[in-house]
Structures are given as structure tokens and as C-alpha cells.
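Every number in this text was worked out from the coordinates using simple rules, so none of it is lab data. Treat the numbers as computed from the prediction; the structure is a model and nothing was measured. FYI the Cβ positions are ideal-geometry reconstructions off the backbone, even for glycines, and counts take in every protein chain you see.
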Amino acid sequence: MTDIDHAAPRRRLPVFTGTLVLIALAILISLGTWQVERLHWKEGLIADIAARQVAAPVPLADIEAMAAAGGEIEYRKVTATGRYINNKERHFFATWRGQTGYYIYTPLELADGRILFVNRGFVPFDNKEPETRMQGQLTDQQTVTGLAREKLPGKPSWVVPDNDVAKNIFYWKDLDVMAESVGLEKASVIPFFVDADSTPNPAGLPIGGVTQVDLPNDHLQYAFTWYGLAAVLLVVVAISWFRKGAKTPQQ
């Protein structure tokens, strides 16, 4: 026999199996790369929001112009001056620092007659009704500084309860219904909210500065998962390949 006759047969993956492995590997690597791209996007967004929160506040008119142009207004610092319409406040069910209660959304009437809904802050469950916190029912002209918050386009999720307008309990911030339920014309209401800052209110209620920026950033973990699965796939294929070669009988 020649040396060629004694040579071990070349080990190859079947074409179909090899194709499936390559497709799976490409998908896993693509998903990992996509998560890395999302990670960079999320880190940039978090940094941008942090910068907005420490920037100097701008007049309400600037935020309105930005919103009208389709700009990003979320978490931008803003100031507005007007008078609270206390008898039209709306109550949003919330938990703040482990305590259950409500965020108080009060219409602020501007000099031109338009309305801006302001989240004045948190009150405990027992202080839902204004009569229990009359000192905080400000009646003179106020200048509010806070963060602009975008109007929600719709109910966030099917698991969120429906708003109970009759009891003045909102489970999601439906600006149109908040306004309509107290007789305010939609055309007169500015189409976003403002979360008031932590400037103390008389007698301590509502407690301002309750904005919670919650942007989960798990993209690095997901990227490691996808890349790890790609590596595991390569190891499994390599082990299978070598085992198959070891079992191949010599000629």
C-alpha cells in the first residue's frame, strides 16, 4: 500500500450540519453585536438625561417650541409661572420611598389662560384629600421649577388598571382625561407635564422632587449571553468533530 492508503481520512462536517452551524453562529454573533450597540445607545441616553437634569432651567416657551418641533423634552429643566387651580387637582396612585400614596397633579393657570398640569409631589395615602393638607394649597402666584415630562400616547400596558375617574384615582397619566374630568378644554392644556422639584411646600406636603429615572441597562449582560452561546456552540461542534474523527477506522 502507498502512504496515501494509510493516511487517516479527512474529517468533515456534513454540508447540511455545517450550514446550520454557520447560520446559528451568525445569528448569535449578530444578536451579541446588536446588544453592544444598544449598550452604547443606552449609556449615551443615560448621560444625556443626567446632563439635562443638572442644566439651567429654561422658560416654558422654549420647551413648548422644542416639543412642537418634535424635539426630545423628557427630563429637561423648565420654569413656569401661574396660579394653581387647587380644586381641580388629580391624584395618581404611586409608591415613593416604600410608602404608598399619591402624586398630586394640579393645573397651573398661566397668564395667558392656558393650563399646565404640574406634578407637585407625593402625599401619603391618608392625605389624599386636600382638606388634610390645606397649608400646601397655594393660592398666590407661583413660579415652578421642575422637569418636563412627555404625555403618554396611551395606556402603558394591559396589566395597568384602568383609571378610576369617579374616585379621582389615576393608575396611568392620561393627560386628556385628567383635563376633561375637571372641565378643562383640551385645546387650552399644554400637551406635557412638569414634575416640580424638591422645593419644600408649606407643612411639607406635597413632597416635591419625586421624579424617578428608571432606565434598565442590561445590554452588556445580554451581549455576554449571546457571545457565550456562540462560543459554546463552537466548543460543542469541535468536540463532536474530534470524537467522530477518533472513531473513524483506519484503512
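For each of M178, M66, M134, count neighbouring Cβ atoms within 10 Å of the residue's Cβ, then give the residues from fewest to most.
Going from sparsest to densest Cβ surroundings: M134, M66, M178.
What lysines sit close enough to K128 to cross-link, taking a C-alpha to C-alpha distance under 22 Å and skipping anything fewer than 8 places away on the same chain?
Result set, ordered by chain and number: K88, K167, K173.
Find the relative contact order for the chain and round it to a whole percent, using C-alpha pairs within less than 8 Å whose residues are 6+ positions apart.
That works out to 25 percent.
Just for the Cα atoms in segment 36-149, what are the lengths along the principal axes, largest first, rounded to whole Å?
Principal axes ranked by extent give 52, 39, 21 Å for the Cα atoms.
Residue separation times 0.36 nm, minus the C-alpha to C-alpha distance between A50 and K186: what's the value?
45.8 nm
Between V177 and W241, take the C-beta separation as r, use R0 = 41 Å, and let me know the FRET efficiency to the nearest 0.05.
Efficiency at R0 = 41 Å is approximately 0.05.
Between beta-carbons, use under 15 Å as the cut-off and find the net charge around L215, counting Lys and Arg +1, Asp and Glu -1.
My count for the surroundings of L215 gives -3.
Applying the Karplus parametrisation 6.51 cos²θ - 1.76 cosθ + 1.60 with θ = phi - 60° to the phi angles of segment 116-126, what ³J(HN,Hα) value in whole Hz is obtained for each residue in order, glycine and proline being reported as x?
10, 7, 10, 7, 6, x, 9, 10, x, 3, 6
At 0.36 nm per residue, and after removing the present C-alpha to C-alpha distance, how many nm does the segment from I23 to E74 gain when stretched out fully?
Result for the pair: 14.3 nm of gain on full extension.
Averaging sequence separations of C-alpha pairs under 8 Å and six or more residues apart, then dividing by the length of segment 41-93, give the relative contact order as a whole percent.
36
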